[in-house]
Amino acid sequence: AVPRTRILATGGASHNKKILQVLSDVFNAPVFTIDTANSACLGSAYRAIHGLVAERNVPLADVVKLAPEPRLAVTPTPGAEELYRPLLKRYAELEQKVIYNPVSSC
């Protein structure tokens, strides 16, 4: 099962409500966006900073506390979870099969 979470969408597709709605429905999670230029780069920069302070056990939440506040873009469509839950389970099973039993390319 996918843990309760939220999705932060960035980049050009984050301006397309239909794409955001599909993400929200498939993962049964609200989708948020940030009104910041180059937000994907910003996220990478925060992860890099987090890596630099990792040995001091600084949580990522502390690193990003000054980040722009995300705004709610869409929420899951009622009933979509029943459709996508079995598909996500099947996808996870197939992914594990590929990861742990890769087919040789020889």
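Assuming Thr5 fulfils every condition listed in (1) assigned to a loop (DSSP other than H, G, I, E, B); (2) hydroxyl-bearing (Ser, Thr, Tyr); (3) surrounded by 12 or more Cβ atoms within 10 Å (Cβ to Cβ) apart from one, which condition is it?
Unmet for Thr5, out of (1) assigned to a loop (DSSP other than H, G, I, E, B); (2) hydroxyl-bearing (Ser, Thr, Tyr); (3) surrounded by 12 or more Cβ atoms within 10 Å (Cβ to Cβ): (3).
With respect to Pro78, is the statement that it is within 23 Å of Gly11 (Cα to Cα) and in a loop (DSSP other than H, G, I, E, B) true? So that I can check it myself, show each step before the final result.
Numbers: within 23 Å of Gly11 (Cα to Cα): no; in a loop (DSSP other than H, G, I, E, B): yes.
Spelling it out, it is not the case that Pro78 is within 23 Å of Gly11 (Cα to Cα) and in a loop (DSSP other than H, G, I, E, B).
Filter the range 18-64 down to residues that are under 22 Å from Leu87 (Cα atoms) and surrounded by 11 or more Cβ atoms within 10 Å (Cβ to Cβ), then give me how many there are. Step through it out loud before you land on a result.
Step one: of the range 18-64, the residues under 22 Å from Leu87 (Cα atoms) are 18-31.
Checking the rest, the ones that are also surrounded by 11 or more Cβ atoms within 10 Å (Cβ to Cβ) come to 19-31.
The number of residues fulfilling the criteria is 13.
Pull out all pairs, ordered by first then second residue, where Cβ-Cβ is under 7 Å, the residues are six or more apart or on different chains, the first lies in the range 60-72 and is of a type in the set (Gly, Ala, Ser), and the second is surrounded by 10 or more Cβ atoms within 10 Å (Cβ to Cβ).
Correct list of pairs: Ala67/Tyr46.
Does the range 60-71 contain any residue that is over 18 Å from Thr5 (Cβ atoms), part of a helix (DSSP H, G or I) and modelled with pLDDT under 90?
Residues of the range 60-71 that are over 18 Å from Thr5 (Cβ atoms), as a first pass: 62-63, 65-66, 68.
Now narrow it down to the ones that are part of a helix (DSSP H, G or I): 62-63.
Next cut, modelled with pLDDT under 90 only: 62-63.
So far as the range 60-71 goes, yes, one or more of its residues are over 18 Å from Thr5 (Cβ atoms), part of a helix (DSSP H, G or I) and modelled with pLDDT under 90.
The values are calculated or read from the model by the stated rules, or taken from the named source; none is laboratory data. For clarity, every value in this text was computed on a predicted model and none was experimentally measured. Please note: Cβ atoms are built from the backbone with ideal geometry, for glycine as well, and neighbour counts cover all protein chains shown.
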